[in-house]
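A.B. asks: Have a look at this one.
The values are calculated or read from the model by the stated rules, or taken from the named source; none is laboratory data. All of these numbers come straight from a predicted model, not from anything done at the bench. Cβ placement follows ideal geometry from the backbone for every residue including glycine, while neighbour counts extend to all protein chains displayed.
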Amino acid sequence: MKPADFRFHHRLRVRWAEVDMQKIVFNPHYLMYFDCAIADYWRALALPYEAAMQRLEGEVFLRKTTVEFNVSARVDDPLNVALRCDRIGTSSMTFVGAIFRDGQLLTTGELVYVFADPITQTSRPVPAPLRAVIDAYEAGQPITRVQTDDWATLHEPAAAVRTAVFIEEQGIAREDEWDEADHTAVHAVVTNLLGMPVATGRLLREGALGSGTARIGRMAVDRALRGSGVGRLVVQALEQAAFERGDRRIVLGAQRSAEGFYQRLGYRPEGAPYEEVGIPHIGMAREL
């Protein structure tokens with residue numbers, strides 16, 4: 001068994017609190033590593049777990065875990081926890097896992113989950129849409145759809161994400177969130193294979209017509225999926241739309257908490273930091 005046998009990888013570093021006097025990881029922590037990796041696996045499927053399970057009218061419960069220990073991990077080791085869904089039965093899903101240190105196999109595991117009624121915890125058949133999402137991911141197929149269009153077409157999914165992020169989470173007043181610019185903007189929305197919108201943004205013209213500069217704004221990503229890559233898909237879709245209409249430069253106002261995200265996409269700070277609706281921002285830009 002080697003890292004290349006798995007599509008999903010969760011990376012972590014062993015902390016002092018997880019080791020004994022010999023600086024060897026306590027055995028129960030390997031179960032925690034697999035459990036943390038499973039939580040990240042759902043993010044890799046672009047599924048905000050709680051909302052997705054509500055839509056599927058069920059819950060996933062761990063029924064059995066088997067762990068085989070080969071070599072001990074030590075404090076400060078960088079670990080790679082790899083997982084794959086090996087089998088989906090009528091109501092169960094079996095995951096095979098392995099923990100590696102620099103390519104060396106340390107631990108293997110098998111985790112059996114059951115899809116069940118969230119109240120009674122009695123098993124139910126794994127829903128066909130969930131089965132399709134997992135099969136697509138394991139086969140290396142796209143697990144999201146990115147759509148760019150006008151406000152009339154994308155109003156409902158874009159508004160759902162923006163309401164959850166800006167109004168409900170960040171406390172921005174409704175009258176500050178919606179404006180006339182929505183009706184002239186190009187909007188992008190990312191949906192997962194369950195049809196749930198998980199990220200959005202919009203593209204405006206900056207300055208006079210023909211200036212060649214566009215502005216990205218109203219970027220919002222479902223809280224459970226930040227860092228999973230869906231925000232990058234929105235930015236790339238809007239950049240493509242800008243390029244196709246002849247724009248050669250994009251500017252944006254980034255919340256300071258997201259500054260690193262935009263820097264990784266090639267944007268650089270411009271000007272002094274400022275506040276907008278009570279939230280610290282920084283201007284950023286990049287050439288197309």
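A.B. asks: Looking at segment 166-197 only, could you name the residues that are assigned to a helix (DSSP H, G or I), aliphatic (A, V, I, L, M) and out of contact with any Lys or Arg (no Cβ under 7 Å at 6 or more places or on another chain)?
C.D. replies: Hit for segment 166-197 is A181, nothing else.
A.B. asks: N27: of a type in the set (S, T, N, Q), modelled with pLDDT of 95 or more and either in contact with a His (Cβ under 8 Å, 6 or more places away or on another chain) or more than 29 Å from A128 (Cα to Cα) (or both), yes or no?
C.D. replies: For N27, the condition - of a type in the set (S, T, N, Q), modelled with pLDDT of 95 or more and either in contact with a His (Cβ under 8 Å, 6 or more places away or on another chain) or more than 29 Å from A128 (Cα to Cα) (or both) - is not met.
A.B. asks: I've got another one for you. Need the failing condition index for Q170 against (1) within 12 Å of A220 (Cα to Cα); (2) in contact (Cβ under 8 Å) with a residue 40 or more places away in the chain; (3) crowded, with 21+ Cβ neighbours inside 10 Å, just the number.
C.D. replies: Status for Q170: all satisfied but (3).
A.B. asks: Based on this model, can you work out whether T184 counts as without any contact (Cβ under 8 Å) to a residue 60 or more places away in the chain, surrounded by fewer than 20 Cβ atoms within 10 Å (Cβ to Cβ) and either under 19 Å from the mean Cα position of the chain (by Cα) or more than 20 Å from R286 (Cβ to Cβ) (or both)?
C.D. replies: Yes, satisfied.
A.B. asks: Tell me, which strands (runs of 3 or more DSSP E) lie completely within segment 55-154 with 1 or more residues that are of a type in the set (G, A, S) and at pLDDT 95 or above?
C.D. replies: Answer list for segment 55-154: 78-88, 92-101, 104-116.
A.B. asks: Please find, among R84, R11, R43, the residue that is loosely packed, with under 15 Cβ neighbours inside 10 Å and touching a residue at least 24 places away in the same chain (Cβ under 8 Å).
C.D. replies: So the residue among R84, R11, R43 that is loosely packed, with under 15 Cβ neighbours inside 10 Å and touching a residue at least 24 places away in the same chain (Cβ under 8 Å) is R11.
A.B. asks: Mind listing whichever residues of segment 97-142 are free of Cβ contacts under 8 Å to residues at least 40 places away in the same chain, over 19 Å from G58 (Cα atoms) and not polar (S, T, N, Q)?
C.D. replies: Answer for segment 97-142, where residues must be free of Cβ contacts under 8 Å to residues at least 40 places away in the same chain, over 19 Å from G58 (Cα atoms) and not polar (S, T, N, Q): R101, D102, L106, A139, P142.
A.B. asks: Kindly indicate whether F166 is over 18 Å from the mean Cα position of the chain (by Cα), aromatic (F, W, Y), closer than 29 Å to A44 by Cβ and not assigned by TED's automatic domain parsing to the domain that holds I38.
C.D. replies: For F166, the condition - over 18 Å from the mean Cα position of the chain (by Cα), aromatic (F, W, Y), closer than 29 Å to A44 by Cβ and not assigned by TED's automatic domain parsing to the domain that holds I38 - is not met.
A.B. asks: Further, regarding this structure: Restricting attention to segment 233-255, which residues are surrounded by 14 or more Cβ atoms within 10 Å (Cβ to Cβ), under 20 Å from D222 (Cα atoms) and either free of Cβ contacts under 8 Å to residues at least 60 places away in the same chain or out of contact with any strand residue (DSSP E or B) (no Cβ under 6 Å at 6 or more places or on another chain) (or both)?
C.D. replies: The answer is V235, L252, G253, A254, Q255.
A.B. asks: Looking at segment 205-219, which of its residues are under 18 Å from I282 (Cα atoms) and either out of contact with any Gly (no Cβ under 7 Å at 6 or more places or on another chain) or surrounded by fewer than 21 Cβ atoms within 10 Å (Cβ to Cβ) (or both)?
C.D. replies: Once the filter is applied, which keeps residues that are under 18 Å from I282 (Cα atoms) and either out of contact with any Gly (no Cβ under 7 Å at 6 or more places or on another chain) or surrounded by fewer than 21 Cβ atoms within 10 Å (Cβ to Cβ) (or both), segment 205-219 yields E206, T213, A214, R215, G217.
A.B. asks: Might you let me know whether segment 118-126 holds any residue that is in contact with a strand residue (DSSP E or B) (Cβ under 8 Å, 6 or more places away or on another chain) and among the hydrophobic types (A, V, I, L, M, F, W, C)?
C.D. replies: yes
Here's the yes/no breakdown for (1) hydroxyl-bearing (S, T, Y); (2) in contact with a Gly (Cβ under 7 Å, 6 or more places away or on another chain); (3) not assigned by TED's automatic domain parsing to the domain that holds V190:
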position: F34; (1), (2), (3): no, yes, yes
position: Y49; (1), (2), (3): yes, no, yes
position: R63; (1), (2), (3): no, no, yes
position: V67; (1), (2), (3): no, yes, yes
position: R74; (1), (2), (3): no, no, yes
position: R84; (1), (2), (3): no, no, yes
position: T94; (1), (2), (3): yes, no, yes
